[in-house]
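Q: Encoded as structure tokens, here's the structure I'll be asking about.
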Amino acid sequence: MQQIKNAKDKYLEPKEYKAILKELYRKDITLRYALDCEFIILNGCRVGELNRYIPDDDGPKTFTSFRTTHLTEREIEILDQMIELNQLSEDTDPNWYKSARIFVTNTGKPIHSSILSKSLQRTNERLKKPIPKQLSPHIFRHTTISILAENKTPLKTIMDRVGHSDSEVTTSIYTHVTKNMKDEAINVLDKVMKNLL
């Protein structure tokens, strides 16, 4: 039972990530963080990978994190919106920290996990019903896994999307979500048979 709880605490349910994103999008000051988090949910990347196209970067955490991901239409919209926000800030703010990065703070500095984590904690505190989980940007990466598992995406495809070659976390979340899907299959079969008889 503890293993199931541990798996559930590693990702957000749809109502949870919708509440967090809605609250982040509600305030202009957290708009960039909302875009960051939504992008991570869609892409499955780590915060540190948001800007890995920079030539002088050290590269991703592991070799398998070197990957090509196909972007959704929404990911492209987010990139375009961030580029537009950055250009507007650069044109109007004399203190703007100019860099080639796309995912930056409201001052133009690179986004870091600790900054985003603090914003998520404050956002969670503003919710009518705060989410009883440890919120960090990494939870959105795990949410990617749960969304794909719920939509019957094969485990290998999910692992490729998030850059895992062999991950206990991916497997535990996938197994937990697919267990819920198995429970739902039982409910569907019960319902069909009750209606039949």
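Q: I want the local charge near A19. Using Cβ-Cβ distances under 9 Å, sum +1 for each Lys or Arg and -1 for each Asp or Glu among the other residues.
A: +3
Q: In sequence order, what are the phi-derived ³J(HN,Hα) couplings for the stretch 143-159 according to the Karplus relation 6.51 cos²θ - 1.76 cosθ + 1.60 with θ = phi - 60°, rounded to whole Hz, with x for glycine and proline?
A: 5, 4, 4, 5, 4, 5, 5, 4, 9, 6, 6, x, 3, 4, 5, 5, 4
Q: Which log10 I(q)/I(0) values, to two decimals, does the chain give at q = 0.07, 0.09 Å⁻¹ under the Debye formula with one point per Cα?
A: -0.24, -0.39
Q: Further question on the same structure: On C-alpha positions alone, give me the angle between the axis of helix 14-26 and the longest principal axis of the chain, in degrees, nearest 10.
A: Roughly 20 degrees, rounded to the nearest 10.
Q: Also, quick follow-up: Nearest 10 degrees, 0 to 90: what angle lies between the long axis of helix 73-92 and the longest principal axis of the chain (Cα atoms)?
A: On a 0 to 90 degree scale, this one is about 20.
Q: Could you go through the stretch 173-185 in sequence order and give the Karplus-derived ³J(HN,Hα) for each residue, using 6.51 cos²θ - 1.76 cosθ + 1.60 with θ = phi - 60°, rounded to whole Hz, and x for Gly and Pro?
A: 5, 4, 5, 5, 5, 5, 5, 4, 5, 5, 4, 5, 4
Q: Under the rule of at least 5 residues apart or a separate chain, name every residue whose amide H is placed under 5 Å from the amide H of T105.
A: Here I111 satisfy the definition.
Q: Right, something else. With +1 on each Lys and Arg Cβ and -1 on each Asp and Glu Cβ, how big is the dipole of the stretch 2-196 about its Cα centre, in debye rounded to the nearest 20?
A: It comes to approximately 900 debye.
Q: Taking the 0 to 90 degree range and rounding to the nearest ten, how far is the long axis of helix 31-43 tilted relative to the main principal axis of the chain, both from C-alpha atoms?
A: For 31-43 against the chain, the angle is about 50 degrees.
Q: What is the stretch 115-197 by shape, rounded, prolate or oblate, if you read a ≥ b ≥ c off the alpha carbon gyration tensor as root eigenvalues and call it rounded for a/c under 1.5, prolate for a/b larger than b/c, and oblate otherwise?
A: Here the stretch 115-197 falls in the oblate category.
Q: May I ask for the longest run of the chain untouched by chymotrypsin sites (Phe, Trp or Tyr not before Pro) that are loop-located per DSSP and have at most 12 neighbouring C-beta atoms (other than their own) within 10 Å?
A: Counting only loop sites that pass the neighbour cut-off, the longest clear stretch is 67-197.
Q: Report, ordered by chain and residue number, the aspartates and glutamates lying within cross-link reach of K27, taken as a straight Cα distance under 20 Å and ignoring same-chain residues fewer than 8 apart.
A: Here the aspartates and glutamates satisfying the reach criterion relative to K27 are E16, D36, E38, E77, D80, E84, D93, E125.
Q: K191: which aspartates and glutamates have alpha carbons under 20 Å from its alpha carbon, excluding same-chain residues fewer than 8 sequence positions away?
A: Answer for K191, where 20 Å is the Cα cut-off: D183, listed by chain and number.
Q: Right, next: Calculated from DSSP H runs of 4 or more alone, at -39500 (n - 2.57) each and per residue, what is the 222 nm mean residue ellipticity of the chain, nearest 500?
A: One gets -19500 deg cm²/dmol as the mean residue ellipticity at 222 nm.
Bear in mind these aren't lab numbers, they're just calculated from the coordinates by the rules spelled out. Here the structure is a predicted model, which means the values were calculated and not measured. Using ideal geometry, Cβ is built from the backbone for each residue, glycine included, and neighbour counts are taken over all protein chains shown.
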